[in-house]
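Note sheet for the following structure.
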Amino acid sequence: MIAGLGHDVVNVAQFAEQMRDGDGWRKLFSVRELRQCSLLAESKHDDEALHIAARWAGKEAVIKAWCEALADCNTDYPYTLDNMPWPEIEILDDSHGCPRVELAQEVQNKLYESVSRLVSQKVSPKLSDLTNTTNLTELAELMETSKIAEEPQLTDLPDSHRDIRNAICWHISLTHDGSVQNNTAVASAVAILEIM
């Protein structure tokens, strides 16, 4: 199931200007991301800002997809703008040059916890559904087979969803186009959070 979809667009010239204003932006990226962007710019003979802006759009798209997945869960988002661990959400290229999402362990754990709540809410009928049932036998069967918990844990999930870690898949696409010099460059990213 597609749990969330996120998209972001970055004006590369404005992003490059912020990069020139100081090094604070470097704290938003991991060393691996910065190294890959530098090597890409060098090998393609283009501006490093193109690649860094695309990674930034990717991070934003990942967060948007995650938040969209949680939108119907009546749960708080795991992070706010004030405590977002930006460098721990990495957008890295694999050995073929395809982007992938890499999350630090703490961020992965928050993702697993929030997604397990989502899955348990999608799998278990809600109380409102149970109370609308007029057949008492059906209601008793539903209550017996459905485990409705206040704080679902991984162990509360049906067998098919117990190992949520193997059920989560990120899909991400990055692109950039235009020229940084004449202020037409944009970077864009789309991220999909899939639960298999």
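Structural remarks
- Neighbour counting of Cβ atoms within 10 Å sorts the residues 19, 1, fewest neighbours leading, into 1, 19.
- Charge-dipole axis of region 1-85 as Lys and Arg at +1 and Asp and Glu at -1 on Cβ define it, positive-most pick from 40, 70, 12: 40
- Extension gain (nm, one decimal) between residue 39 and residue 95, 0.36 nm per residue minus Cα-Cα: 18.8 nm
- The calculated FRET efficiency for the pair residue 79 and residue 17, based on their C-beta separation and a Förster distance of 25 Å, comes to about 0.40.
Read-outs throughout are calculated quantities, based only on the coordinates presented, and are distinct from any laboratory measurement. Treat the numbers as computed from the prediction; the structure is a model and nothing was measured. Every residue, glycine as well, gets a Cβ built from its backbone with ideal geometry; the counts of neighbours run over all protein chains shown.
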